[in-house]
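The values are calculated or read from the model by the stated rules, or taken from the named source; none is laboratory data. Everything numeric in this text was worked out from a predicted model, so none of it was measured. Cβ atoms come from the backbone with ideal geometry, glycine included; neighbour counts cover every protein chain shown.
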Amino acid sequence: METGIGDILAVALPAIVLAFALVVLMVHKELGPFSGISTGGKWMLTLAFSMGVLAFAFKMTVALSIAKAPEQLVAPVLAAYRQSPVTPLKDWSNVYNSEPLPLAYTWQPLPETAPAPADNPTTPEKVALGKRLYYETRLSGDGKLSCASCHDLYGKAGGDGRRTATGIAGQVGGRNVPTVWNAAFQSVMFWDGRAPSLEEQAKGPIMNPIEMGMPGAAELEARLAADATYRDEFAHVFGSGQPITLDLVVKALAAFERTLITPDAPYDRFVRGDAKALTPAQVRGMALFEATGCVTCHRGPGFSDASLLGGQMALRFFPTNATPYEARYNLMADGGATNQSGVRGIWRVPSLRNVALTGPWLHNGSVDKLSEVVRIMASAQLGVPIDEALPSARSVVWSPEERVFKRSERRVLTERDIEDIVAFLNSLSSQSLVAKAKDSPKS
Ligand code: HEC
Ligand code: HEC
């Protein structure tokens, strides 16, 4: 690949320069003198004629970036391309549970550290300040709420265990509190993905009139600056002479949140090589999680395609297919990122890390059984029915026109499959959080 780039460059660069010089020469020396066009006009013409050169340069850039793209990006595309459309004839029916799955999806453990943006490196001092701010009730208008009031790190696995949030003066919000654990791996924040980073996210609840209800940044800054210990700590972390600002407050909070990660789930031990870390039901659930198609959206080490670790499609429609669930759980009242109601909403794919500990579930907290969420996902997101009578089946049919075997698959989940998927979701719970979570809703 290295020589490929060199070769392309060696030809492409001189070619572009030469072509451009030719156009300049043509317009200014050959065409210019006879046409009576002004100098500005000549350069406009030069530009117009150079479009071809630019297009060429653009194509070269695309070619080069593909050649330079990391293995992980290119390999799956190539693999898909190389896959033979013809499969050996075989009776696929009733092999759903015994047939090895296609080797398409690689399971990954959670990294031991979370990535940090260049302008907010994670340092131990900043993390300590962020932790203090996380529990600081002076961040709320009435001095009664801190981040931890709604995001109880240990008691409720980073959420509040309620259907929807309760903010300042007991005001009830419309959305469920997502956990802050592993939020550091998400590429966009909030159920609808409207905040692009942890830093931006943290400004939301502080200023939100029904959450922490802080009247304004100046008030917050004045309150913290009135405390000598905060003045010292901010000076120590961000440099002396630096006034305490909302921007620095959220930087410290975000740095602390980047340490709230849980790479200690049984799932992680399993994929790191401990074959006994999962029960047989959990392994079966894991295979079903892939085979049913949950990995289309809940993929990667964070089980979300809205991930900083190579996520590709952060937002998805939900509920995608019409099902009786949408009326039962009022799933269309809030349209998420569409900002409309009564429509199929657009939502960020949430991480499923610790999901068994963070019920009730979904953006409106309307579902309090994890097995029910799996049923909703299977039917509303994947069109897979839950049925005992109708077994899953794969079939292979010869198509004489195309001279290929057409594979078709009828997927159905049984109640036992649902149980196994739930068992697998339980394996995504951090062991240290499980040990500390009290009276979280059981599924
Ligand atoms: C009144 C309850 C409440 C308080 C207090 C609160 N939050 Fe939240 N938090 C929420 C709710 C509700 C959401 C989801 C809102 C949405 O998606 O529209 C949320 C979302 C988040 C998220 C996004 C997680 C994700 O996966 O998208 C993070 C991170 C977060 N809060 C951190 C904080 C921090 C830091 C503080 C303190 C500055 C804080 N929260 C204070 C209720 C609260
Ligand atoms: C097409 C994308 C897509 C597919 C496929 C999908 N999900 Fe989801 N999933 C989502 C979205 C989007 C949400 C958030 C829904 C909301 O905002 O209420 C979600 C939410 C969830 C939740 C609730 C998370 C929480 O914190 O409340 C669970 C559990 C879940 N999915 C499991 C699954 C399982 C199991 C499967 C496979 C049967 C699956 N999902 C398939 C997109 C998908």
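The table that follows gives values for the structure above.
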{"quantity": "Residue match in the stretch 186-195 (condition: among the acidic types (Asp, Glu), closer than 25 Å to Val367 by Cα and touching a Phe, Trp or Tyr at 6+ places or on another chain (Cβ under 7 Å))", "calculated": "yes"}
{"quantity": "Any hit, the stretch 106-125, residues being modelled with pLDDT of 55 or more and part of a helix (DSSP H, G or I)", "calculated": "yes"}
{"quantity": "The stretch 176-229 - residue that is within 16 Å of ligand 2 (Cβ to nearest atom) and part of a helix (DSSP H, G or I) and, of those, nearest to Gly336 (Cα to Cα)", "calculated": "Ala183"}
{"quantity": "Gly155 more than 13 Å from ligand 2 (Cβ to nearest atom) and surrounded by fewer than 19 Cβ atoms within 10 Å (Cβ to Cβ)", "calculated": "yes"}
{"quantity": "Flag if Leu315 is crowded, with 17+ Cβ neighbours inside 10 Å and within 16 Å of Phe424 (Cα to Cα)", "calculated": "no"}
{"quantity": "One residue from Leu382, Leu352 being under 17 Å from the mean Cα position of the chain (by Cα), within 8 Å of ligand 2 (Cβ to nearest atom) and in contact (Cβ under 8 Å) with a residue 12 or more places away in the chain", "calculated": "Leu352"}
{"quantity": "Evaluation of Leu248 against (1) without any contact (Cβ under 8 Å) to a residue 24 or more places away in the chain; (2) closer than 22 Å to Tyr105 by Cα; (3) not charged (D, E, K, R) (one fails), failing number", "calculated": "(2)"}
{"quantity": "Qualifying positions in the stretch 161-175 - within 13 Å of ligand 2 (Cβ to nearest atom) and either closer than 11 Å to His363 by Cα or not in a loop (DSSP other than H, G, I, E, B) (or both)", "calculated": "Arg163, Thr164, Gly174, Arg175"}
{"quantity": "Positions within the stretch 307-332 being under 11 Å from the mean Cα position of the chain (by Cα), among the aliphatic types (A, V, I, L, M) and near ligand 2 (Cβ under 9 Å from one of its atoms), in sequence order", "calculated": "Met313, Leu315"}
{"quantity": "Candidates Leu133, Leu139, filtered to the one that is under 11 Å from Glu257 (Cβ atoms) and assigned by TED's automatic domain parsing to the domain that holds Ser187", "calculated": "Leu133"}
{"quantity": "Failed item, numbered, when Gly141 is tested on (1) out of contact with any Pro (no Cβ under 7 Å at 6 or more places or on another chain); (2) among the small types (Gly, Ala, Ser); (3) buried (at least 18 other Cβ atoms within 10 Å of the Cβ)", "calculated": "(1)"}
{"quantity": "Test: residue in the stretch 349-372 that is in the same structural domain as Glu419 (by TED's automatic domain parsing), away from ligand 1 (no atom under 16 Å from the Cβ), acidic (Asp, Glu) and at negative phi", "calculated": "yes"}
{"quantity": "Residue in the stretch 319-341 that is in contact with a helix residue (DSSP H, G or I) (Cβ under 9 Å, 6 or more places away or on another chain), touching a residue at least 40 places away in the same chain (Cβ under 8 Å) and among the charged types (D, E, K, R) present", "calculated": "yes"}
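To keep it simple, each residue is scored yes or no on (1) crowded, with 20+ Cβ neighbours inside 10 Å; (2) over 18 Å from Ser371 (Cβ atoms); (3) touching a strand residue (DSSP E or B) at 6+ places or on another chain (Cβ under 6 Å).
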site	(1), (2), (3)
Pro263	no, yes, no
Ala275	no, yes, no
Val295	no, yes, no
Arg299	yes, yes, no
Pro350	yes, no, no
